[in-house]
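**Q** First the structure, which I've put down as structure tokens, then a few questions once you've had a look.
The values are calculated or read from the model by the stated rules, or taken from the named source; none is laboratory data. None of these values were measured; they are calculated from a predicted model. Positions of Cβ are backbone-derived with ideal geometry, glycine not excepted, and every protein chain shown enters the neighbour counts.
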Amino acid sequence: MAARVFTPGAPPDPAAVERGQKLFAPTCGFCHAPDGTGKSGPDLVADAMVIRDNGGDLIGRVIHDGRPGKGMPAFADLTATQIADISAFLHSQIRGAANRFAYSFHEVVTGNAQAGEAFFNGTGKCNTCHSVTGDLAGIAGRYQPPDLEARLVYPGPSFPGAGGPPPKPTAATVTLPSGDTVSGALVSRNPFEITLKDESGAYRTLPVDGARIELHDPLAAHKELIDSITDAEMHDLLAYLETLK
Ligand code: HEC
Ligand code: HEC
């Protein structure tokens, strides 16, 4: 599967959203909650696969085939149009969630910038990837507070409607059966071959058979962040980031 990213686009078609909602609530709502935020099944509004989905191209297979043994039933009878409608509905929910940040941003002023700085360099390990004098210098001047919070929670290209830098590619290391290793940015991958762009900019296509492949999602730390950060830590962190004008 080729590496692809969600490109923030126009809001989903309201008619498709409405059809999708009518289908989603009774069909999927029992496990994923009628609004998609999850019950026994996962929260689909904060789900990386759903966020990157475009018209059902990623979630379509999961819905069609289900995840046998993992509690996700197959819905083999749903048509491609119905799945696209469900995708439109979930994307409207994602936009709604993003907008809700705008209402919580007064919390920024309630945070403690000093505690935020300590978290940044300590428990949060933010300084292992970022520098307040490097990539994050002046970040508060680049984003309004609610956008800054949204960038923090949904960095990369996955935040609908937000600007921001182009995504960092997924880094891959392939160890061939001979023991040779090739590292580079993941370009594409299928069941037989993987293509990387190495440091010199050259494209290298390698057989997958017998090779060990390690992928490093550059945003993995953020997915963990969403799960682990407390509200208080978030407020302190934002208060600190706000000082980086
Ligand atoms: C009986 C409960 C149940 C129903 C009904 C259900 N799901 Fe699920 N769904 C799950 C569970 C549990 C998982 C997690 C499976 C796993 O761990 O891989 C899941 C996973 C998913 C995922 C994959 C998320 C990811 O990133 O891995 C998508 C997308 C999804 N469901 C969409 C739907 C849609 C759309 C419907 C309705 C057409 C639906 N589900 C109905 C229980 C359900
Ligand atoms: C393992 C590396 C890693 C860690 C740890 C990490 N980040 Fe990030 N962060 C990234 C990547 C990758 C991006 C995507 C933007 C990019 O490509 O530069 C990003 C994006 C961001 C952005 C948005 C930048 C912009 O210009 O839109 C902010 C703000 C941010 N991180 C803050 C933090 C904070 C605060 C922490 C600690 C709680 C943290 N990050 C931890 C890797 C990391």
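Here's the yes/no breakdown for (1) assigned to a loop (DSSP other than H, G, I, E, B); (2) modelled with pLDDT under 85; (3) crowded, with 19+ Cβ neighbours inside 10 Å:
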| position | (1), (2), (3) |
| --- | --- |
| Pro8 | yes, yes, no |
| Ala15 | no, no, no |
| Leu23 | no, no, no |
| Ser92 | no, no, yes |
| His106 | no, yes, no |
| Val109 | no, yes, no |
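**Q** Now for a separate question. On the given criteria, is Ser183 modelled with pLDDT under 90 and either under 30 Å from Gly124 (Cβ atoms) or in a strand (DSSP E or B) (or both)?
**A** Considered against the rule, which asks whether it is modelled with pLDDT under 90 and either under 30 Å from Gly124 (Cβ atoms) or in a strand (DSSP E or B) (or both), Ser183 comes out as no.
**Q** Could you run through region 51-68 and say how many residues are near ligand 1 (Cβ under 10 Å from one of its atoms) and surrounded by 15 or more Cβ atoms within 10 Å (Cβ to Cβ)?
**A** Within region 51-68, residues that are near ligand 1 (Cβ under 10 Å from one of its atoms) and surrounded by 15 or more Cβ atoms within 10 Å (Cβ to Cβ) number 11.
**Q** Please enumerate the residues belonging to region 199-245 that are farther than 16 Å from Gly124 by Cβ and not in a loop (DSSP other than H, G, I, E, B).
**A** Result: Tyr203, Arg204, Thr205, Leu206, Pro207, Arg212, Ile213, Glu214, Leu215, His216.
**Q** Can you tell me which residues in region 25-36 are touching a residue at least 24 places away in the same chain (Cβ under 8 Å) and either part of a loop (DSSP other than H, G, I, E, B) or under 11 Å from Leu90 (Cβ atoms) (or both)?
**A** Within region 25-36, Cys28, Asp35, Gly36 qualify.
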